[in-house]
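The values are calculated or read from the model by the stated rules, or taken from the named source; none is laboratory data. Since this is a predicted model, take the numbers as computed values, not measurements. Heads up, the Cβs are rebuilt from the backbone with ideal geometry, glycines too, and the neighbour counts pull from every protein chain shown.
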Amino acid sequence: MRSKGFTLVEILVVVVIMAIVISLAVLSIGVTGRDSQLDEESRRIEGLLGLLHERALLEAYRGGRMPHAWLIGGPPGIGKATLAYRMARFVLAHPDASAPQVQSARSLALPSDHRAVRLVAAQGHPDLLVLERRPGESGALRTVIAVEDVRRLVPFLGSTAGEAGWRVRKPSWKRITRVFARS
C-alpha cells in the first residue's frame with residue numbers, strides 16, 4: 001500500500017525540471033539584454049561612420065578635390081543611397097564650392113523646403129540621373145539595372161549642366177557590373 005505524498009525520485013525530477021526552466025529563462029533574459037545593447041551600439045557606430053563619410057565628401061567638395069566619381073560600397077541597409085542623395089542635393093543646391101554657405105556648412109543637410117531638395121525627391125532635377133532597377137516583363141523587380149537604362153548615361157553625361165553646373169548620377173554599380181559581365 002502506498003502512503004500519501006511524493007517519492008524522492010518524483011521530487012528530484014520536479015527539481016531538475018524547475019532548474020532547467022529557470023536556467024533557460026535566465027539565459028534568454030541575459031542574451032536578449034546584451035543583444036539589444038549590441039544592436040544599439042552598432043547603430044551608433046554606423047551613425048558615426050556615416051557622419052565621417054559625409055564629412056569626407058564635404059571636405060573634398062570644399063577643397064576643390066572632388067574626383068570624377070565616388071564609389072560608395074558596403075552591405076545593404078547602411079545608408080549608401082542616403083549618403084549619395086545627400087551629396088547630390090548639396091552639390092546641386094550649392095554649385096560653387098567657394099560660396100560662404102558651403103565653406104560654413106557643418107553637414108550636407110539642407111532644409112526640406114529647399115528647391116533642390118524638392119526636385120531631387122521628385123526625381124525632376126535636370127542635372128540628376130538616377131539609375132535603379134525597374135520591374136521587368138513579369139512585373140517583378142529586376143535583379144540588375146538593364147542595359148537600356150545604362151545607355152541613358154551617354155546623352156546625359158554628354159550634355160552640359162542645365163541648372164546647377166554639375167551633372168550627378170546615382171547608379172547601383174554592383175548591379176551595373178553584373179549587366180556588363182553578362183554582355
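Among the residues of the stretch 72-91, count how many are more than 16 Å from Glu54 (Cβ to Cβ) and at pLDDT 90 or above.
Here is the first cut: in the stretch 72-91, the residues more than 16 Å from Glu54 (Cβ to Cβ) are 75-77.
Next, only the ones that are at pLDDT 90 or above stay: none.
Selection size over the stretch 72-91: 0.
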### Query
Restricting attention to the stretch 42-50, does a residue exist that is of a type outside the set (Lys, Arg) and closer than 27 Å to Gly124 by Cα?
yes
## Note on the structure
Given (1) buried (at least 16 other Cβ atoms within 10 Å of the Cβ); (2) over 13 Å from Ala109 (Cβ atoms), Leu58 misses just (2)
### Query
What number of residues in the stretch 115-143 are touching an Asp or Glu at 6+ places or on another chain (Cβ under 8 Å) and aliphatic (A, V, I, L, M)?
1
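One line per residue, one yes/no per condition, for (1) modelled with pLDDT of 80 or more; (2) more than 25 Å from Gly74 (Cβ to Cβ); (3) of a type in the set (A, V, I, L, M):
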position: Thr7; (1), (2), (3): no, yes, no
position: Val16; (1), (2), (3): yes, yes, yes
position: Val31; (1), (2), (3): no, yes, yes
position: Glu41; (1), (2), (3): no, no, no
position: Ala56; (1), (2), (3): yes, no, yes
position: Glu59; (1), (2), (3): yes, no, no
### Task
Count, please, the residues in the stretch 80-96 that happen to be touching a residue at least 24 places away in the same chain (Cβ under 8 Å), buried (at least 17 other Cβ atoms within 10 Å of the Cβ) and in contact with a helix residue (DSSP H, G or I) (Cβ under 8 Å, 6 or more places away or on another chain).
10
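Just the residues that are hydroxyl-bearing (Ser, Thr, Tyr), part of a loop (DSSP other than H, G, I, E, B) and at pLDDT 90 or above, please, taken from the stretch 99-146.
Ser112, Ser138, listed by residue number.
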### Message
Restricting to the stretch 117-163, name every residue that is crowded, with 17+ Cβ neighbours inside 10 Å and either touching a His at 6+ places or on another chain (Cβ under 7 Å) or charged (D, E, K, R) (or both).
### Response
Leu119, Asp127, Asp149
